[in-house]
Amino acid sequence: GIQVEQSPPDLILQEGANSTLRCNFSDSVNNLQWFHQNPWGQLINLFYIPSGTKQNGRLSATTVATERYSLLYISSSQTTDSGVYFCAVYSGGGADGLTFGKGTHLIIQP
Amino acid sequence: DGGITQSPKYLFRKEGQNVTLSCEQNLNHDAMYWYRQDPGQGLRLIYYSQIVNDFQKGDIAEGYSVSREKKESFPLTVTSAQKNPTAFYLCASSLAGGGDTQYFGPGTRLTVL
C-alpha cells in the first residue's frame with residue numbers, strides 16, 4: 001500500500017516563528033488532507049489539498065502531486081498551534097480510507 | 001448543530017468482555033469510517049461503510065465488528081478476540097467515499113484493565 005512519511009517528527013519553536021512541515025507519499029493520490037490534533041485528541045481539518053496551493057489565515061499548504069509531496073506552512077506561530085499535525089492520503093486503490101503519516105509534534109513556547 | 005458525536009468519551013473494560021463504541025452523524029454523509037490510534041502513531045483504518053447495510057474491512061479489522069443499519073449510525077464492537085484493544089478510537093464520515101473530505105468525531109479512549 002501507499003506509504004506516507006512526515007518530517008520532522010518533532011519541532012520546538014518560539015512564539016512568532018515560522019515553520020514548514022513536510023509530507024512525502026509513495027504513489028499518486030486522489031485526496032490529501034492536513035489535520036491538527038489538539039491536546040484532547042480532536043482531529044481538526046486544516047486543508048483538503050490533493051494538488052495546488054491553499055491559504056487560510058496564518059496557515060497555507062502546497063501539494064506538488066507530480067513530485068509526491070505536500071508542505072504545510074505555519075506563520076507567526078502561537079501557543080495554540082501546539083499539537084500534532086498529520087498528513088493523510090487516499091490513493092484510490094484498496095480500502096476506502098485515509099492512510100496517515102506518523103505526524104509532526106509541534107511545541108510552541110511562549 | 002451538524003457534526004459527529006462519539007460516546008462514551010472514556011471506556012474501561014475488563015479482559016474478556018465485548019464493548020460497543022457509538023458513532024452518530026447528522027451531516028447526511030453516506031460514508032463512515034473507524035480508525036484506531038496508538039500512542040505516538042498515526043491513525044489506522046479498522047472498518048468503513050460506503051452505504052447503509054454494507055461495510056468493508058480495513059487494514060486492522062481482526063477482533064472488531066461493525067454494523068450499519070442506519071445512515072446516521074456506525075457502531076464499533078471491540079470483541080474479546082482483539083488482543084491489544086487499549087487505544088484511542090476515532091470515527092469519521094464523508095459525503096461519499098472515494099477520497100471525499102473526511103471529518104472526525106472527538107474520539108473514545110478505551111482502556112482494558
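The values are calculated or read from the model by the stated rules, or taken from the named source; none is laboratory data. Predicted model only: the values in this text are computed from it and were never measured. Cβ placement follows ideal geometry from the backbone for every residue including glycine, while neighbour counts extend to all protein chains displayed.
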For the subset of the range A:29-44 comprising residues that are part of a strand (DSSP E or B), over 10 Å from the mean Cα position of the chain (by Cα) and farther than 14 Å from residue A:89 by Cβ, which member is nearest to the other protein chains (Cβ to nearest Cβ)?
-> A:43
Residue under evaluation residue A:104, criteria (1) in contact with a strand residue (DSSP E or B) (Cβ under 9 Å, 6 or more places away or on another chain); (2) without any contact (Cβ under 8 Å) to a residue 40 or more places away in the chain, criterion not met = (2)
If you go through the range A:3-20 one residue at a time, do you hit one that is surrounded by 20 or more Cβ atoms within 10 Å (Cβ to Cβ) and under 20 Å from residue B:33 (Cα atoms)?
-> yes
Within the range A:81-93, identify whether any single residue is in contact with a Ser or Thr (Cβ under 7 Å, 6 or more places away or on another chain), at pLDDT 95 or above and farther than 25 Å from residue B:31 by Cβ, and answer yes or no.
-> no
How many residues does the range B:2-17 contain that are within 18 Å of residue A:43 (Cβ to Cβ) and loosely packed, with under 15 Cβ neighbours inside 10 Å?
-> 6
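Search the range B:70-89 for residues being out of contact with any strand residue (DSSP E or B) (no Cβ under 7 Å at 6 or more places or on another chain) and at pLDDT 95 or above, and hand back the single one that is farthest from the other protein chains (Cβ to nearest Cβ). Quick ask: steps written out before the conclusion?
To start, the set of residues in the range B:70-89 that are out of contact with any strand residue (DSSP E or B) (no Cβ under 7 Å at 6 or more places or on another chain) comprises B:70-71, B:80-81, B:83-84.
From what's left, at pLDDT 95 or above: B:70-71.
Details: B:70: 20, B:71: 17 Å.
The selected residue is B:70.
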By residue number, the members of the range B:54-89 that are under 12 Å from the mean Cα position of the chain (by Cα) and among the hydroxyl-bearing types (Ser, Thr, Tyr) are B:64, B:65, B:67, B:73, B:77, B:89
Given the residues A:49, A:74, which is the only one that is within 14 Å of chain B (Cβ to nearest Cβ) and not small (Gly, Ala, Ser)?
-> A:49
Pick out, from the range B:45-95, the strands (runs of 3 or more DSSP E) lying fully within it that include 3 or more residues that are without any contact (Cβ under 8 Å) to a residue 60 or more places away in the chain and either at negative phi or not aromatic (Phe, Trp, Tyr) (or both).
-> B:54-57, B:64-66
Going through the range A:56-110 in order, the residues found to be farther than 15 Å from residue A:15 by Cα, polar (S, T, N, Q) and surrounded by fewer than 14 Cβ atoms within 10 Å (Cβ to Cβ) are A:56, A:66
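Please verify whether residue A:20 is under 15 Å from residue A:67 (Cβ atoms), polar (S, T, N, Q) and either in a strand (DSSP E or B) or at pLDDT 95 or above (or both), treating the condition exactly as stated.
Numbers: under 15 Å from residue A:67 (Cβ atoms): no; polar (S, T, N, Q): yes; either in a strand (DSSP E or B) or at pLDDT 95 or above (or both): yes.
It is false that residue A:20 is under 15 Å from residue A:67 (Cβ atoms), polar (S, T, N, Q) and either in a strand (DSSP E or B) or at pLDDT 95 or above (or both).
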Selection status of residue B:92, within 14 Å of the chain's Cα centre (by Cα), within 10 Å of another protein chain (Cβ to nearest Cβ) and either surrounded by fewer than 21 Cβ atoms within 10 Å (Cβ to Cβ) or within 20 Å of residue B:4 (Cα to Cα) (or both) = yes
Could you count how many residues in the range A:35-49 are buried (at least 17 other Cβ atoms within 10 Å of the Cβ) and over 18 Å from residue A:108 (Cβ atoms)?
-> 4
Would you point out the residue of the range B:18-42, among those that are touching a Lys or Arg at 6+ places or on another chain (Cβ under 7 Å) and at the interface with chain A (Cβ under 9 Å from one of its Cβ atoms), that is surrounded by the fewest Cβ atoms within 10 Å (Cβ to Cβ)?
-> B:41
